Structure formats: structure tokens, C-alpha cells
Amino acid sequence: MILTALLIVLSLAFAFINGLNDSPSIVAPVVSTHALRPRQALLLAAAAQATGPFVIGTAVATTVATRVVRADSLTPGSILAALLAALLWAILTSIIGIPSSSSHALIGGLTGAALATAGPGALLLPGLGWVVGALLLSPPLGLFVGLLVVRLTLHLARRARPSLNTHLRRWQQLTMIARGVSHGASDAPKAMGVLTLGLMVLGLEHGAGIPPWVVVACIGSFCLGTSIGGWRQMRTLGARIYRLRPVNGFGALVAGALVVFSAATVGGPISTTQVMASAILGAGAAERLNKVRWLILRDMLTAWVLTIPATIALSAGLVRLMRLAVGW
């Protein structure tokens with residue numbers, strides 16, 4: 001009972017921190033272009049996210065629970081170590097104000113814990129390769145689609161009046177809702193997947209699907225985190241990469257929604273923050289390449305590159321520490 005309670009608490013805490021850190025990637029475009037006020041945007045995004053798993057599904061949760069590591073090779077301590085590593089990394093990057101990737105952190109945590117517990121045989125290499133491929137492919141897609149949407153919008157609106165900006169702000173609100181729905185189906189299921197994996201390790205689930213109570217609990221915790229918002233990351237995404245105008249914000253949100261929706265549908269646990277940052281980069285570069293602040297992007301990429309090896313080492317160290325402390 002103690003292990004089950006710890007597993008639930010840490011999984012819900014991961015969902016909460018995930019929502020807190022990822023909320024800027026949804027609302028930054030509409031806030032920076034004054035399409036919505038920050039509090040309005042966060043609450044609307046949280047409401048949209050709550051529908052994601054029910055509208056699109058929980059394929060990402062199934063991927064995390066069954067396609068990354070072997071449940072029969074792990075111990076309860078392995079799952080707790082993976083969650084703790086992902087949580088500690090998310091908290092650290094949140095304090096620093098760097099947009100981090102919860103997907104990278106969770107996959108790194110699970111990989112490190114599995115390696116420390118049972119060696120390479122605990123990894124499901126085909127599924128892990130699929131996950132890594134999705135993580136690597138999605139940011140370039142976000143950049144390309146963001147650039148394409150803005151270029152197309154500017155071409156179609158080349159004779160439009162300045163009042164078009166008012167319509168673009170309204171369209172941004174709609175695209176942010178679509179982005180929120182796709183985000184709820186992409187990021188909240190990561191916590192659902194690791195919680196279900198932990199229940200399988202404890203013998204309380206048998207891989208027949210994601211329990212409904214897990215879906216409700218994780219999406220609730222995730223949306224609560226979104227409603228609070230990460231203000232420092234919002235400034236990074238909304239202004240420090242590129243000073244967004246309504247056309248850029250619209251293009252970035254369309255690109256983010258398309259890429260994240262596609263990944264959530266096929267069960268690819270991508271980094272939505274990474275996709276959105278790339279989409280903002282593409283949306284800005286489509287208009288003024290020399291106005292994009294590339295040094296900010298370099299700092300963000302450095303954090304993302306470090307995430308997987310850092311969480312692998314951290315979770316492996318936590319597994320060994322638990323063995324010494326309580327004899328697992």
C-alpha cells in the first residue's frame with residue numbers, strides 16, 4: 001500500500017509539473033500578441049487539455065507503459081527512481097526558467113532505471129527506437145510547418161488591410177484551443193503511462209489498457225499545473241526567441257497543433273515544448289530571418305541535449321541509492 005501510494009503521488013506530481021512547464025508553449029503566442037490575457041489563456045488552455053484524452057485517445061500512454069521497458073524486469077524502486085529523476089530535472093529547469101522536455105526526462109529516467117535494475121535486456125529496443133525517432137523528427141517538422149504556414153498566410157494577405165490583425169487574433173484563440181486539445185492527448189498520457197507501468201510492476205494491472213481512474217487523475221493534475229502556468233518560460237517562448245506579431249502567433253499555433261495532433265494519434269511521446277519552440281522559430285524566420293534570437297535557441301537546445309543523459313545518470317544513481325538504503 002505504501003509503494004502504491006508513493007507511485008500515485010509521484011505520478012500525479014509529474015503530471016502537475018509537466019502541465020506547469022508546458023503551459024507556456026501553448027499560451028505564449030496568444031499572450032505575446034495580446035489575443036488573450038495570461039490568466040484567460042491559461043484557463044482556456046487547461047479546459048481544452050482536459051478534453052484531449054477523450055477526443056483523441058491515450059495512445060501515448062500505451063507507448064510509455066508497454067513499448068519502452070519490460071515491466072517484468074523492473075521493481076517498484078525502478079519506477080519510483082525514474083519518476084524522481086524526471087521530477088527533479090523538471091523542477092530544476094523550471095527554477096532556471098529554461099523550457100525543458102518532460103518526454104526526454106521521462107524516457108531518460110525509465111531507461112536509466114531499467115539499465116541499473118536489470119541491464120540492457122530490460123529495454124524494448126524497437127519501441128525505444130520509435131520513441132527516440134519521434135523525439136528527433138518532431139522539432140524539424142514544427143519548424144518547417146511554422147515557416148510554411150506564415151509564408152502562405154503572408155502571401156494570401158499581401159493586399160489585406162491592417163484590420164486583418166484583429167481577425168488573426170481571433171483565429172489564434174481557436175488554434176490555441178486546438179493546440180490545447182492535442183497537448184492534452186500528448187503530454188498528460190505520459191504520466192498515465194508511467195503510473196500504469198508501475199501498477200503492472202506491482203501486479204495490480206495486467207497491461208489490458210489504461211485504467212479510467214488513472215486517466216481522470218492524471219489529466220486533472222496536468223490541467224491544474226497548466227492553469228497556474230510557468231511565467232518565466234512564457235517570456236522565453238513569447239518574446240525572447242522572436243517578437244511575435246499576430247501572423248507569427250497564428251502560424252506557430254497551427255504548426256504546433258498539427259504536429260502534436262499527428263504524434264498523439266500514432267502514440268509518439270514527443271516534446272511539445274520543443275515542437276512549439278521550433279514552430280515559433282519557423283514562424284519568425286518566415287518573415288525576418290535576422291530578427292530571430294538564435295542564441296536563446298542555443299541555450300534551449302543545450303538543455304534539451306543534456307536532459308536524456310542527465311536523467312539516465314540520475315535515475316540509475318537513485319536505483320543504487322535505494323538498494324543501499326532499503327535493500328531493494
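Just so it is clear, none of the values below were taken in a lab; they were calculated from the coordinates. Because the structure is predicted, anything quoted here is derived from the model rather than measured. All Cβ positions, glycine included, derive from the backbone under ideal geometry; neighbour counts span all protein chains shown.
Worth pointing out:
- DSSP-loop trypsin sites (Lys or Arg not before Pro) across the range 117-197, with at most 16 other Cβ within 10 angstrom: Arg158, Arg159
- Here the calculated FRET efficiency for Ala47 and Ile95, from their Cβ-Cβ distance with R0 = 30 Å, stands at 0.60, rounded to the nearest 0.05.
- Extended-chain gain in nm, criterion 0.36 nm per residue less alpha-carbon gap, Ser262 and Phe54: 73.3 nm
- Förster radius 56 Å - calculated FRET efficiency between Ala313 and His206, Cβ distance, rounded to 0.05: 0.95
- Gained length - Met1 relative to Leu125, 0.36 nm times residue gap less alpha-carbon distance: 41.4 nm
- Placing dummy labels 7 Å off each Cα toward the beta-carbon, the span from Ala160 to Trp213 is 5.0 nm.
- Neighbour-count ranking [beta-carbon atoms within 10 angstrom, fewest first] of Val131, Val326: Val326, Val131
- Mean residue ellipticity, 222 nm, helices only, the chain: the sum of -39500 (n - 2.57) across DSSP H runs of n ≥ 4, divided by residue count and rounded to 500, is -26500 deg cm²/dmol.
- Normalised by 2.2 N^0.38 Å, with N the number of residues, the alpha-carbon radius of gyration of the chain equals 0.98.
- Phi to ³J(HN,Hα) by Karplus 6.51 cos²θ - 1.76 cosθ + 1.60 over the range 273-290, Hz, x for Gly, Pro: 5, 5, 4, 5, 4, 5, 5, 5, 4, x, 5, x, 5, 5, 9, 9, 5, 7
- In plain terms, the residue of Val69, Val247, Val181 with the fewest other Cβ atoms within 10 Å comes first and the most crowded comes last, giving Val247, Val181, Val69.
- Under Karplus coefficients 6.51, -1.76 and 1.60, residue-wise ³J(HN,Hα) of the range 151-158 in Hz, glycine/proline x: 4, 5, 5, 5, 5, 5, 9, 5
- Pair Arg320, Phe144: separation of 7 Å Cα→Cβ label points (nm): 4.2 nm
- As a calculated quantity, the FRET efficiency between Leu306 and Leu174 at R0 = 45 Å, using C-beta atoms, amounts to about 0.80.
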